[in-house]
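The values are calculated or read from the model by the stated rules, or taken from the named source; none is laboratory data. Bear in mind that the values here come from a model prediction, so they are computed numbers and not experimental data. Ideal geometry is used to build each Cβ from the backbone, glycine not excepted, and the neighbour counts take in all protein chains shown. For accessibility, only protein heavy atoms count, side chains too; no ligands or nucleic acids. Shrake-Rupley method; radii C 1.70, N 1.55, O 1.52, S 1.80 Å.
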Amino acid sequence: MKSRNFAEYEVFGNFRGLAEKDRSTLLRKASRRDNDLTASEDITPLLTKLDDLAALFMESRDRLEYERVELANGEDIYQFYRTMSSKLNDIRRRLK
């Protein structure tokens, strides 16, 4: 698999493979970071990051439309990017 092309999926796969203790530690840290970002009155940095991620995920999803049959787990990767693109767009719409 081309890891460098779909790094977000690789990170997600490694996250799912973590032990329960390590996963809960990461989720607590993420929750704290989430609270810090959303508590601020200026959400411009958050929106900028979400816009960048949304563009990256949509680009990867579009590329996988054609390449997913060539990859061993292409359908799983495609579904991941499709789902994440949808979730990111929902979050962006709610924040704007």
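With θ taken as phi - 60° and the Karplus curve 6.51 cos²θ - 1.76 cosθ + 1.60 applied, the whole-hertz 3J(HN,Hα) list for the range 28-42 is 5, 5, 5, 5, 4, 5, 4, 4, 4, 5, 7, 6, 5, 6, 8 Hz, x standing for glycine and proline. The computed P(r) over Cα pairs in 10 Å bins from 0, in percent for the structure shown corresponds, within [x] 14, 31, 26, 19, 9, 1; [y] 14, 38, 35, 12, 1; [z] 15, 28, 21, 16, 13, 6, 0, to [y]. Taking amide H positions as modeled 1.01 Å from N, with prolines and chain starts lacking one, no residue 5 or more places away or on another chain lies under 5 Å from L71. Label-to-label distance, L56 versus L18, with points set 7 angstrom from Cα along the beta-carbon direction: 1.7 nm.
Quick one: if the Förster radius is 35 Å, what FRET efficiency do R94 and V11 give, using the C-beta to C-beta distance and rounding to 0.05?
Values: r = 24 Å, r/R0 = 0.69.
Result of the calculation: an efficiency of 0.90.
Between R63 and A30, residue separation times 0.36 nm minus the direct Cα-Cα distance comes to 9.0 nm.
Using a 1.4 Å probe, what is the accessible area per residue for the range 23-96, in Å²? If you can, show how the numbers build up before the last one.
Numbers: 5260 Å² over 74 residues.
About 71 Å² of surface per residue is accessible.
Residues in the range 51-65 carry Karplus couplings, in order, of 5, 4, 5, 4, 5, 5, 5, 5, 5, 5, 4, 5, 5, 6, 3 Hz; the curve used is 6.51 cos²θ - 1.76 cosθ + 1.60 with θ = phi - 60°, and Gly or Pro positions show x. From helices alone, the chain scores -27000 deg cm²/dmol at 222 nm; the rule is -39500 (n - 2.57) for each run of n ≥ 4 DSSP H residues, then divide by the residue total.
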